[in-house]
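For reference, the structure discussed in these notes is given below.
The values are calculated or read from the model by the stated rules, or taken from the named source; none is laboratory data. All of these numbers come straight from a predicted model, not from anything done at the bench. Neighbour counts are summed over all protein chains in view; Cβ atoms, including those assigned to glycine, are modelled from backbone coordinates with ideal geometry.
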Amino acid sequence: MAPMRRFGLTVVLIVFLADQALKLWLLFGAGLAENGPFELAPFMTIVLAWNRGISYGLFQQGTDLGRWLLVAVSFVAAVWLWRWMWRERRRFTVLNLALIIGGALGNGVDRALYGAVVDFVHLHWGSFSWYIFNIADVAIVVGVLGLMYESFRPRAENTA
């Protein structure tokens, strides 16, 4: 296996496994549903939120058809991005694609198993409240931002 492919696969696995392991621990080890939220810092609370939509709670799905459509979209997107990543030679692009793929797979598995994505990190300060998210969401956002950054770089710098 080529080094760039191995690198991409490693990042996908790290994101996916970290996301799923933490969700499993919070659900079944810490008993987040039974024991309720707990504060990690004055600005961060771990709280259970079942997201039946996509990013930022958009397109909430209340039916099995909607749920499985979102599962299918997650996996189709992951396969499409995987094909791109498999052919890519630029390390930064591979990293960003792998982050998105790992996150999409993590959230897709949640939807397939639980009918919703397990979100748990709630950032807040005073009356300000941020969205509740998970590791997969962070990986997807960082990967998308990385691809956007790369797309705005001059082409000569973008070839490395």
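Some points to look at:
- Neighbours by Cβ (under 8 Å, 6+ apart or cross-chain): first from region 116-129, of a type in the set (D, E); second in a loop (DSSP other than H, G, I, E, B): D119/N134
- For region 61-74, the set of residues classified as under 15 Å from L105 (Cβ atoms) and at pLDDT below 80 consists of L70 only.
- In region 114-133, the residues that are of a type in the set (A, V, I, L, M), assigned to a strand (DSSP E or B) and either exposed (fewer than 15 other Cβ atoms within 10 Å of the Cβ) or touching a Lys or Arg at 6+ places or on another chain (Cβ under 7 Å) (or both): V117, V118, L123
- Sole residue being assigned to a helix (DSSP H, G or I) and at pLDDT below 95, chosen from A77, A98, A49, A136: A77
- Scanning region 6-36 for residues that are within 19 Å of L123 (Cα to Cα), modelled with pLDDT of 95 or more and of a type outside the set (A, V, I, L, M) yields a count of 2.
- E150 falls short on exactly one of the conditions (1) surrounded by fewer than 19 Cβ atoms within 10 Å (Cβ to Cβ); (2) in contact with a Lys or Arg (Cβ under 6 Å, 6 or more places away or on another chain), and that condition is (2).
- Single condition R153 does not satisfy, out of (1) at pLDDT below 90; (2) within 30 Å of G31 (Cα to Cα): (2)
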